[in-house]
Amino acid sequence: MTQSGGAGPALPSDANARLSWGSVTLGDVLDRRVWGLALMLAWQFITFFSPAIHYSTRNDVSHFNSVVGYSSLGLVAVLLVAAGQAGVFSRAMGRPVLRWAAPVALVLSTIVLAIVDVSEVFRQPWCSIAAAISGVGLGVLYLAWGDVLRRLNIVEVTVKTASAFLLAAVLFALTVMLPKLAAVVITSALPIGVGAILFQGLGVWRTTEEVGKPALHQGAFSVRAVFSLGVLSLAGSFARSFFLAGTPIVSDGSYPWLFLMATIGAIVIVCGPLLSATSPDFAAAYKTSVFALGFVMLLLPLLEPGSFAADAAGVVTYCVVMLLMWVVLARLTGLYGLSPLFAFGIGWASCTAGLLAGTFGGALVLSTVAVTPRLLSLVTLLCVCLLFFAYLFLFTESTMARLLGGGRFGRRPFRERCHQLRVDFNLTEREEEVLVLVAKGRSTPRIREELGLTAGTVNAHLSHLYRKLDVHDRQELIDLVESER
């Protein structure tokens, strides 16, 4: 695995970029990457959002402290360690026994939580210990998927994350319908499937290289991006606590299907702007997601806590934030060639910390004061202010466009446009150099002179560029660079 401050080497042919939505096939929607990510998400949904393994709910403060709280703390801890000590972490994951420790930890945690759920004696501190261990294991798998997703182009990231979320929601709904023993067995097997796909099928972390530090401006952009997403998750989880107040909906048999509908809604909100545009515009997707969250939060005073509409609104906020996180962090990592340990570590730690603070804060407020129309209005005001503070001040739309490739804020620097083509189409470093010179109008002899190559080598690079970029001559190549804004 290459984890450096620059873009990695050319990827295998099956990962070549395709910017046309019409070229997406069923194989892209249901390949092993989609199944692997879906299995991990399904494990998370079943374990933490249903009573199939252990009674779980995000709006009960006592249970939150013992399960969701400890799992979140374990998740944040391993993510921060990986981001701060990326080189050490990367080398450690080069050992198979440590790679496989994460899925094995999830299997054992699942079994322990299931036993705790039915035992009158075997309870604390085992519940909290198992939850914390599950968070650590889940964090390692998050980072592994960060390495997988950063190798994909923008279309593949969108298609595969949306497909994985939808498939995970379906698996969630089907599994919790089964008898408890069958649900426990299936859920315990999911992490092993994830590990097999990640570490055997995709070969994540089999080889490692020293991690380079990102350039200062890239690091600054990253910090602003992930901090903004942390604030979004804080606002969303705090509002969700009030939406879900008054009813433990996870014990309701209709909850998995409600979660499935919310997932479909989140896909429309986050991926709709990407799928409807001629070229993916992540700035538009980010803006649409923020405004959709704001609109849902404005409904809070109008909905009765515990009602179906309130439950649906609350679950939608969670699904939107989670899907947005995967898409944005994958795009951020691939576009700037950042280490996935750095980007996904800081990003998911920020998001999880926001979820932790918002959920616990909402539960604490609900446990001390009565829910009144005035309180709901104040909560709405606070959450919407947090939401738009993140959008307007922490991470402006122009910054998002520059970072994630949006297209309505003027032309980006010439070399940045060429670099984005390298990332999107998985070009090699030498192919990018030839691309820059061709786009500048240099002739083949001039390119030979500047790069010290033979005529045959230059022509070979040009042939590779034409094939990868799906152009037929120099003018079409120049037009493609000019169209990247």
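Annotations for the structure displayed:
- Pairs where the first residue, in the stretch 436-463, is within 18 Å of Asp479 (Cβ to Cβ) and the second is of a type outside the set (A, V, I, L, M, F, W, C) and outside any helix (DSSP H, G or I), C-beta under 9 Å, 6+ apart: Val436/Arg442
- Consider the stretch 370-392 and keep the residues that are farther than 19 Å from Val290 by Cα and modelled with pLDDT under 85. The one that is surrounded by the fewest Cβ atoms within 10 Å (Cβ to Cβ) is Ala370.
- Thr187 over 30 Å from Thr380 (Cβ atoms), at pLDDT 85 or above and assigned to a helix (DSSP H, G or I): yes
- Hits in the stretch 440-463 - residues which are within 16 Å of Thr428 (Cα to Cα), open to solvent by less than 70 Å² (accessible area, probe 1.4 Å) and either out of contact with any helix residue (DSSP H, G or I) (no Cβ under 8 Å at 6 or more places or on another chain) or part of a helix (DSSP H, G or I) (or both): Leu451, Thr457, Val458, Ala460, His461, Leu462, Ser463
- When residues in the stretch 134-153 are screened for being over 11 Å from the mean Cα position of the chain (by Cα), open to solvent by less than 10 Å² (accessible area, probe 1.4 Å) and under 23 Å from Pro273 (Cβ atoms), 1 of them pass.
- When Thr247, Thr278 are checked against the criterion of being among the polar types (S, T, N, Q), closer than 30 Å to Arg374 by Cβ and at pLDDT below 75, Thr247 stands alone in meeting it.
- When restricted to residues that are in a helix (DSSP H, G or I) and touching a Lys or Arg at 6+ places or on another chain (Cβ under 8 Å), the stretch 149-163 contains 6.
- Residue within the stretch 310-326 that is in contact with a Gly (Cβ under 6 Å, 6 or more places away or on another chain), closer than 19 Å to Ala83 by Cβ, part of a helix (DSSP H, G or I) and aliphatic (A, V, I, L, M) present: no
- Residue under evaluation Asp252, criteria (1) at pLDDT below 80; (2) open to solvent by 50 Å² or more (accessible area, probe 1.4 Å); (3) of a type outside the set (Gly, Ala, Ser); (4) under 30 Å from Gly345 (Cβ atoms), criterion not met: (4)
- In the stretch 471-485, of all residues being without any contact (Cβ under 8 Å) to a residue 40 or more places away in the chain and not in a helix (DSSP H, G or I), the one that is surrounded by the most Cβ atoms within 10 Å (Cβ to Cβ) corresponds to Val471.
- All positions within the stretch 225-240 that are among the hydroxyl-bearing types (Ser, Thr, Tyr) and modelled with pLDDT of 85 or more: Ser233, Ser237
- Subset of the stretch 106-125 that is modelled with pLDDT under 80 and touching a helix residue (DSSP H, G or I) at 6+ places or on another chain (Cβ under 6 Å) - its residue that is most open to solvent (accessible area, probe 1.4 Å): Arg123
- Output for the stretch 95-105, where each listed residue is touching a helix residue (DSSP H, G or I) at 6+ places or on another chain (Cβ under 6 Å) and exposed (fewer than 14 other Cβ atoms within 10 Å of the Cβ): none
- Qualifying residue in the stretch 81-94 (condition: without any contact (Cβ under 8 Å) to a residue 60 or more places away in the chain, surrounded by fewer than 21 Cβ atoms within 10 Å (Cβ to Cβ) and among the basic types (Lys, Arg)): no
- Those residues of the stretch 317-334 which are closer than 22 Å to Val290 by Cα, over 12 Å from the mean Cα position of the chain (by Cα) and surrounded by 24 or more Cβ atoms within 10 Å (Cβ to Cβ), in sequence order: Thr317
- Selection status of Ser350, modelled with pLDDT of 85 or more and small (Gly, Ala, Ser): yes
- Extreme residue, surrounded by the fewest Cβ atoms within 10 Å (Cβ to Cβ), among residues of the stretch 294-310 that are among the hydrophobic types (A, V, I, L, M, F, W, C) and under 15 Å from Gly236 (Cα atoms): Phe295
The values are calculated or read from the model by the stated rules, or taken from the named source; none is laboratory data. These numbers were taken from a predicted model, which means no experiment stands behind them. Because the Cβ atoms are built from the backbone with ideal geometry, glycine has one as well, and the counts that use them run over all protein chains shown. All accessible areas refer to the heavy atoms of the entire protein, side chains included, with ligands and DNA or RNA removed. Shrake-Rupley method; radii C 1.70, N 1.55, O 1.52, S 1.80 Å.
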